[in-house]
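Here the structure comes first, spelled out in structure tokens, and everything after it is commentary.
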Amino acid sequence: MVSLLDTASVEGLRFFGRISASISHELKNTLSIMNESAGLLEDLALLAEQGKGLDASRVKSLGSSIKRQIQRTDQIIRNMNRFSHAVDEPLKEIELVDFLEFVLAVSRRLTAAKGVAITVQPTDQPLMVVTRPFFLHSLIWLLLEAGMGQTGQSKALTLMPEKIESDISIRLMGLETLALEAEKSFLPKQGEPLLSLLEAKIKMDLDQKVLILILPKRLKDEPRGESASTTS
Amino acid sequence: MAVKVLLVDDEKEFVDLLGERMSARGMEVSSTTSAADALKIAEEQTFDAIVLDLMMPEMDGLEVLKNLKAKRPELQVILLTGHGTIEKGVEAMRLGAMDFVEKPADLDTLTEKIKKAQARKMILVERKVEEKLRDILTTKGW
């Protein structure tokens with residue numbers, strides 16, 4: 001007997017590993033640029049020692065490059081820190097636009113690898129949701145991953161959060177090749193426990209080529225699946 | 001003759017800086033940030049070595065490697081990897097990469113590997129010429 005939370009956690013762990021690997025790759029990239037900038041500074045110093053003169057503007061531009069990469073690295077580490085702490089509080093109130101922008105920020109390298117541009121449509125008012133941020137992040141990533149294969153020529157997706165009656169919805173727009181058969185298979189099987197744990201539902205609007213994720217505005221403390229264990 | 005190198009990495013600042021340092025060391029460097037462009041350039045020009053990033057947008061580095069080797073088996077490809085995993089490197093070698101270097105790369109180590117690539121390519125080209133000559137000598141009845 002495996003609980004819903006356990007099943008979702010396995011998927012969550014896989015997702016955590018994927019994002020961590022992507023972040024480490026980004027860090028390696030910024031380090032590489034700083035490494036080459038420092039190396040070039042050394043090369044210039046060596047030439048100057050040999051009496052070849054020192055180009056002050058080149059030194060200045062290399063200094064700026066290093067500073068830029070330090071700022072970039074700092075942002076990556078901030079995101080990594082926020083991502084790591086997402087598991088600290090199982091239930092938390094989040095602002096949805098800010099959350100979705102963060103989801104895109106930590107997975108930028110993975111979405112860029114697919115050549116798909118993803119944006120978040122801002123809202124007039126803050127959209128507050130009490131949910132399980134880490135599992136919501138995992139679920140949204142699974143939907144984005146599936147959605148990136150459905151953009152057709154446009155290679156663009158938009159996430160649009162909005163309030164609908166007592167719930168909150170996130171519309172995933174730009175699914176140009178969305179077809180009838182996708183209704184059951186769009187979300188991979190490993191996403192189902194996440195959906196249950198978040199008490200979320202998925203709807204599709206095939207005419208508009210949109211997937212709609214519906215979330216409760218305020219998720220209760222006790223996950224439904226905790227009391228009713230599932231078998232695997 | 002200067003070593004001809006093609007640098008392929010989606011980080012423009014990285015290829016610019018590395019290219020500048022390699023040029024200062026007497027290498028003839030071309031660079032691109034696009035995997036698709038790299039395939040085109042490698043088809044139009046000859047290089048002693050291609051230094052290729054493993055994780056590129058639009059096309060995975062291993063995919064680029066497969067394409068390059070299919071078009072020009074004599075090409076010597078050195079992969080740059082951001083991952084500390086041996087598995088990817090082993091996979092790259094299996095697909096025909098000459099070697100791999102982990103980022104951030106040490107330029108002296110990379111230069112050494114590029115020189116090795118140049119020597120290996122020369123042997124392969126010489127062998128090809130020899131085979132062609134042998135073929136001509138055995139098939140033509142002079």
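Points to keep in mind about this one:
- Within the stretch A:106-132, tally of residues that are surrounded by 19 or more Cβ atoms within 10 Å (Cβ to Cβ) and of a type outside the set (Val, Ile, Thr): 6
- Restricted to strands (runs of 3 or more DSSP E) entirely inside the stretch A:113-232, those with at least 2 residues that are charged (D, E, K, R) are A:156-164, A:167-173, A:201-205.
- Selection status of B:Val29, closer than 24 Å to A:Thr30 by Cβ and at pLDDT 95 or above: yes
- Among all positions in the stretch A:152-169, there is at least one residue which is in contact (Cβ under 8 Å) with a residue 24 or more places away in the chain and within 14 Å of chain B (Cβ to nearest Cβ).
- Selection within the stretch B:84-100: residues that are without any contact (Cβ under 8 Å) to a residue 24 or more places away in the chain and in contact with a strand residue (DSSP E or B) (Cβ under 8 Å, 6 or more places away or on another chain). The member of this set that is nearest to the other protein chains (Cβ to nearest Cβ) is B:Gly84.
- In the set (1) without any contact (Cβ under 8 Å) to a residue 60 or more places away in the chain; (2) touching a strand residue (DSSP E or B) at 6+ places or on another chain (Cβ under 9 Å), A:Leu91 fails one condition alone, (1).
- Selection within the stretch B:24-41: residues that are free of Cβ contacts under 8 Å to residues at least 24 places away in the same chain and hydrophobic (A, V, I, L, M, F, W, C). The member of this set that is farthest from the other protein chains (Cβ to nearest Cβ) is B:Ala36.
- Residue within the stretch B:67-75 that is free of Cβ contacts under 8 Å to residues at least 40 places away in the same chain and within 18 Å of A:Ala113 (Cβ to Cβ) present: yes
- Subset of the stretch B:42-72 that is assigned to a loop (DSSP other than H, G, I, E, B) and more than 14 Å from chain A (Cβ to nearest Cβ) - its residue that is surrounded by the fewest Cβ atoms within 10 Å (Cβ to Cβ): B:Gln45
- From A:Ser166, A:Ser138, residue being surrounded by fewer than 21 Cβ atoms within 10 Å (Cβ to Cβ), of a type in the set (Ser, Thr, Tyr), modelled with pLDDT under 95 and more than 13 Å from A:Lys209 (Cα to Cα): A:Ser166
- Just one residue in the set A:Asp74, A:Asp98 is surrounded by fewer than 19 Cβ atoms within 10 Å (Cβ to Cβ) and over 13 Å from the mean Cα position of the chain (by Cα); that residue is A:Asp74.
- Among (1) more than 12 Å from every other protein chain (Cβ to nearest Cβ); (2) touching a helix residue (DSSP H, G or I) at 6+ places or on another chain (Cβ under 7 Å), the one test that B:Arg21 misses: (1)
- Of all residues in the stretch B:14-31, those satisfying the criterion of being part of a helix (DSSP H, G or I) and more than 19 Å from A:Ala113 (Cβ to Cβ) are B:Asp16, B:Leu17, B:Leu18, B:Gly19, B:Glu20, B:Arg21, B:Met22, B:Ser23, B:Ala24.
- Unmet criterion (only one of (1) touching an Asp or Glu at 6+ places or on another chain (Cβ under 6 Å); (2) among the basic types (Lys, Arg); (3) within 28 Å of A:Arg18 (Cβ to Cβ)) for B:Lys121: (3)
The values are calculated or read from the model by the stated rules, or taken from the named source; none is laboratory data. Because the structure is a prediction, the values reported are computed rather than measured. Counting neighbours? That spans all protein chains shown, and the Cβs are built from the backbone with ideal geometry, glycine included.
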